[in-house]
């Protein structure tokens, strides 16, 4: 379904030094099949999370929604090397992906691991996670489906916690106990940004929410 909305993308789409190929186009998003369970990995960077999620869910299709060309090329190479065939790529804005390709109550799971924190206050409006985002996710997720979120930004954590409170009628926070907020890499994808957070002495926050 086409519309006249403007879907903005912030930040770089290519690395500054190296040239990226577009081999990832070979696994670009195909026509959505209502019989398939879809998992969307939003802002997957270099694709470590997409690879691990796909390996753990080989009966589902994992869509990597990412703008960064170098990361998409890296993901394609890893998927080819590991013979993973349940990954598809959407290079663009997640709102556009949902509006143009999915129907109500059609998505199995959402992953948002270490989204850009946009640390300057004047850029907070660029952050992905807010009440409007959850309202949209509620529309497209199946009942009982989950949203998984992680960040190492303290200010973003505060914003996410406030947002979770504001959507409590629509989503159940399944790891609400503070002792369960830590990002456990034995269970969750061990991404480049997770390792970077640990190197910088940061303790990433993780939240899991279920659509009611």
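Residues considered: 66, 100, 88. Of these, the only one that is touching a residue at least 24 places away in the same chain (Cβ under 8 Å), in contact with a helix residue (DSSP H, G or I) (Cβ under 8 Å, 6 or more places away or on another chain) and more than 22 Å from residue 151 (Cα to Cα) is 88.
For the stretch 52-64, how many residues are within 18 Å of residue 114 (Cβ to Cβ) and surrounded by fewer than 24 Cβ atoms within 10 Å (Cβ to Cβ)? Adding up the residues that qualify gives 1. Here residue 72 meets the list (1) assigned to a loop (DSSP other than H, G, I, E, B); (2) farther than 19 Å from residue 141 by Cβ; (3) touching a helix residue (DSSP H, G or I) at 6+ places or on another chain (Cβ under 6 Å) almost entirely, failing just condition (1). Residue 163 meets each of the listed conditions (1) touching a helix residue (DSSP H, G or I) at 6+ places or on another chain (Cβ under 7 Å); (2) outside any helix (DSSP H, G or I) apart from (2).
So, of the residues in the stretch 76-97 that are out of contact with any strand residue (DSSP E or B) (no Cβ under 6 Å at 6 or more places or on another chain) and part of a helix (DSSP H, G or I), which turns out to be surrounded by the most Cβ atoms within 10 Å (Cβ to Cβ)? Outline the logic, then answer.
First pass over the stretch 76-97, keeping only residues out of contact with any strand residue (DSSP E or B) (no Cβ under 6 Å at 6 or more places or on another chain): 76-78, 80-85, 91-93, 95-96.
Add one more test, that the residue is part of a helix (DSSP H, G or I), and what stays is 76-78, 80-81, 95-96.
On the way: 76: 21, 77: 14, 78: 16, 80: 13, 81: 9, 95: 16, 96: 17.
Here the residue is 76.
Scanning the stretch 116-160 for residues that are touching a helix residue (DSSP H, G or I) at 6+ places or on another chain (Cβ under 8 Å), surrounded by 14 or more Cβ atoms within 10 Å (Cβ to Cβ) and not in a helix (DSSP H, G or I) gives 116, 117, 118, 127, 128, 129, 130, 147, 149, 150, 151, 152. For the structure I just gave you, tell me whether residue 192 is surrounded by fewer than 19 Cβ atoms within 10 Å (Cβ to Cβ), modelled with pLDDT under 95 and closer than 19 Å to residue 42 by Cβ. The answer is yes for residue 192. Checked across the stretch 38-49, the condition of being surrounded by fewer than 20 Cβ atoms within 10 Å (Cβ to Cβ) and at pLDDT 90 or above holds for no residue.
Conditions tested, residue by residue: (1) out of contact with any strand residue (DSSP E or B) (no Cβ under 6 Å at 6 or more places or on another chain); (2) modelled with pLDDT of 95 or more; (3) assigned to a loop (DSSP other than H, G, I, E, B).
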{"position": "1", "(1), (2), (3)": "yes, no, yes"}
{"position": "7", "(1), (2), (3)": "yes, no, yes"}
{"position": "12", "(1), (2), (3)": "yes, no, yes"}
{"position": "20", "(1), (2), (3)": "yes, no, yes"}
{"position": "25", "(1), (2), (3)": "yes, no, no"}
{"position": "35", "(1), (2), (3)": "yes, no, yes"}
{"position": "53", "(1), (2), (3)": "no, yes, no"}
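Just one of the listed residues (168, 172) is part of a loop (DSSP other than H, G, I, E, B) and at pLDDT 95 or above, namely 168.
Find the residue count for the stretch 107-118, including only residues that are in contact with a strand residue (DSSP E or B) (Cβ under 9 Å, 6 or more places away or on another chain) and modelled with pLDDT under 95.
Filtering the stretch 107-118 down to residues in contact with a strand residue (DSSP E or B) (Cβ under 9 Å, 6 or more places away or on another chain) leaves 107-115, 117.
Now drop any that are not modelled with pLDDT under 95, which leaves 115, 117.
The qualifying residues number 2.
The values are calculated or read from the model by the stated rules, or taken from the named source; none is laboratory data. Everything quoted here is computed from the prediction, not taken from an experiment. Note: ideal-geometry Cβ built from the backbone for every residue, glycine included; neighbour counts use all protein chains shown.
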